1. Residue by residue through segment B:89-109, note down the ones that are more than 8 Å from chain A (Cβ to nearest Cβ) and part of a helix (DSSP H, G or I).
2. Residues A:GLN496, A:GLN536: which one is at pLDDT 80 or above and either in a loop (DSSP other than H, G, I, E, B) or out of contact with any Gly (no Cβ under 6 Å at 6 or more places or on another chain) (or both)?
3. Among the listed residues A:ILE145, A:ILE68, A:ILE135, which satisfies the condition of being modelled with pLDDT of 80 or more and β-branched (Val, Ile, Thr)?
4. Can you pull out the helices (runs of 4 or more DSSP H) entirely within segment A:112-221 that have at least 2 residues that are under 15 Å from the mean Cα position of the chain (by Cα) and away from chain B (no Cβ under 14 Å)?
5. Going through B:ARG81, B:ARG112 one at a time, which residue ends up being outside any loop (DSSP other than H, G, I, E, B), within 11 Å of another protein chain (Cβ to nearest Cβ) and surrounded by fewer than 20 Cβ atoms within 10 Å (Cβ to Cβ)?
6. Quick one: in segment B:4-39, which of the residues that are farther than 27 Å from B:HIS77 by Cα and in contact (Cβ under 8 Å) with a residue 24 or more places away in the chain is farthest from the other protein chains (Cβ to nearest Cβ)?
7. So in segment A:391-408, with the set limited to residues that are surrounded by fewer than 22 Cβ atoms within 10 Å (Cβ to Cβ) and β-branched (Val, Ile, Thr), which one is nearest to the other protein chains (Cβ to nearest Cβ)?
8. Taking the residues in segment B:67-78 that are out of contact with any Ser or Thr (no Cβ under 6 Å at 6 or more places or on another chain) and more than 14 Å from every other protein chain (Cβ to nearest Cβ) as candidates, determine which candidate is modelled with the highest pLDDT.
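The values are calculated or read from the model by the stated rules, or taken from the named source; none is laboratory data. Source: prediction; values computed, not measured. Backbone-built Cβ (ideal geometry, glycine too); neighbour counts: all protein chains shown.
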Amino acid sequence: MFKKLFWIGLVLLVPGATSLLYSLYFGPGAWTTDGFTFWGTPISLFVFWIGLSHAGTLISAVLLCLDIKLDRRTSMLAELSTLCSLLVAAIFPLIHLGVVPNFYMIMPLLDGRGNFSNLGSPLVWDFCCIAIYGILSFLFFTIHILGDTHRHLRRMYKPFAWILFPLVLWVHTVVSLDFATTFVPHWRGSFFPIYFIVGALYSGLALINLLLTVEGYRIRLLEKLMLVGSWFLLVIWFWNFVLKGEWYSSAFIFGVLFVQFLLVMNIRESRWGRGLISFSVLVGLFLERYFLVVPYGETFVAGVSFGIVDLLMILFSIGLFMSVFFGLRYRMATNLEHNEVLMGDVDVKKDSDVPVVPIYQVLRFPFLCGILFAMVFLVWAYSLLPYETFDLPLTGIIPLSYPLIAFMAALTLCGKAILSINKMVPVVFLALLLILFGIFYGGGSSQLSNYKLESANLENHEIPVEWVWKAKCASCHGVNGGLNQKFIREFYPVPQNLTLERLDSLGVDSLINVVTYGRGNMQQTVDKQTARRLVQWMYKLAKELK
Amino acid sequence: MNPLFNSLACLLALAMSAFLWRYSNKLIKNSLFVIGNFLFFCLYSALAFDLASPMVENYPFRMLALCFCFSTTSLNHKRRRYLVMAQCFWLWVELFGGISLFYRGIDISWTRIAAIGVGCVCSTFLSNISKEMEFCLMVYWIAIWIMF
């Protein structure tokens, strides 16, 4: 069975991979975009798969924390699906960047490479949080696998789950802030953090149920949770409808309506019935994310502009997940299938041979180390030179705080135990540290310039706005607003092309917001009044260019 | 935001919390009550406040969080754990809702966030939650809701 599904995955993957290569070659113009749809399919797929990746660990870790016993097979599948979904999710922002080799420039290493990432941007938080989440999920899975033979690792399984529990919620919240902090009317919503978490949990439950159905197992609790998730999501959609008047019928039919068939006993007792319902939820939730990213909603999909590249990208993501997941599952089936500790039912007697130490006692030292690490980062960030010329708001640091704490706490918790497993592990660990150090100092540190923003007094509102534009914006966007071609070819990220169509799609408020607070590698620049004048200047340039 | 409707929201959250966790082991029934409460909070927010105001966007979620906090005082088992978790949920809604709103030019209510945070941390030290302590906690939450 696993082998067949692996081959089906490969069949989907190969044609899908052509769309990937095409997108890498042609850049963001390859998939369907226009003045209103600037994120498109890759970001829809990223949000969808990152949701699935969070749900796997969340289900495994949360239920463990709340002392709800799942059988070990389900936990194993949830954690494995997390890693595979994360792999799929990580590919799409890279494609979307357009300049793939420079992706690491968005790491929050401050001026480590002479390029100062904007800590106030959700895109920077995103990268940091997801990278840490990926590392810790891998560690969690490793502890689970090795716990069979190394009892000292098994003792760390539950404390580790307590570190991961808030981290998963935190990371998906940060993903939601990519949307919620913008001024695009379609994405305005301070309720997005909870909305995204509910969506992620719900789609993750559907994935785990689908995988369990494939294996010929079922967990009634997870089916009930899926049913409850559908009702909760329905109320959130209702609230979104009340606020913005948006309603997506197809997402409702696939994502919520079909799930209610779980209430019919004949259907829920049938393996095909359960499988189709879970698959329907995944389709519904993908449509929901697609409509969220693409402001045309359902009319867009019905139109002719949904291209072949978009379709192949979707096939690629499914194919990659299936081939990696079922490939690994096939390997595990041959090696671990009859291992009672890893794939068997929960056995309280076997668990009881692990000495019980209060979680608080185990976690207090690692968490103290984590808090210390985050504080050092904070002090370091505030002591750096660029913050003499503009503010670093607390809101820019807070989203990075818990991931940093969790990272250091997890390393402290299981570092010593993992290092003792094999003699090669410390060598690999040292090599990884050296690589990190190399990335950190790869570009050299930025040098202090004699030029100070205050000296130009650009926020004096009597100064012509054209001067401000030339001083602060023209280096990337060009003097005439048509991009500084030479500069941007050597630098990441490629700034937005400020055409009239694009300016209209974002709206004046959104533009003022971006100019004031910055985004991605673009720093916060001026006060709101000057930002408003700059936006007016942008419109003037865009009209001239047209 | 109208202070009268804001206070009424607090009262409603307190009243609706009485319906939660009445079926200790019934997942579906308990969930239906939570979802019913949440739907009620959405309708209340839509009717009582101006929907054009960004502050209203996460108002039903804040009411739900407050309702969870109140409901934990009537639990029989693992009360401290769920008390802390409910306050963490409230903190979560306030903090990240505040960050979203900050980027739209609305100041974050740091006092409210700090007060909830203090409540969260201090609750972890409660070994025995007496009736008097339950009352004090409820007064503390109401004070945060109305005054900050």
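1. Within segment B:89-109, B:PHE89, B:TRP90, B:LEU91, B:GLU94 qualify.
2. Working: A:GLN496 fails: at pLDDT 80 or above.
On inspection, the qualifying residue turns out to be A:GLN536.
3. Values: A:ILE145 fails: modelled with pLDDT of 80 or more; A:ILE68 fails: modelled with pLDDT of 80 or more.
Among A:ILE145, A:ILE68, A:ILE135, only A:ILE135 is modelled with pLDDT of 80 or more and β-branched (Val, Ile, Thr).
4. On the way: elements: A:122-146, A:151-154, A:157-180, A:192-215.
In segment A:112-221, A:122-146, A:192-215 are the helices (runs of 4 or more DSSP H) which contain 2 or more residues that are under 15 Å from the mean Cα position of the chain (by Cα) and away from chain B (no Cβ under 14 Å).
5. Values: B:ARG112 fails: within 11 Å of another protein chain (Cβ to nearest Cβ).
Matching residue, one of B:ARG81, B:ARG112: B:ARG81.
6. B:SER7
7. A:THR395
8. Filtering segment B:67-78 for residues out of contact with any Ser or Thr (no Cβ under 6 Å at 6 or more places or on another chain) gives B:68-69, B:72-78.
Now narrow it down to the ones that are more than 14 Å from every other protein chain (Cβ to nearest Cβ): B:69, B:72-74, B:76.
Working: B:CYS69: 94, B:THR72: 91, B:THR73: 88, B:SER74: 84, B:ASN76: 80.
Going through the qualifying residues, I end up with B:CYS69.
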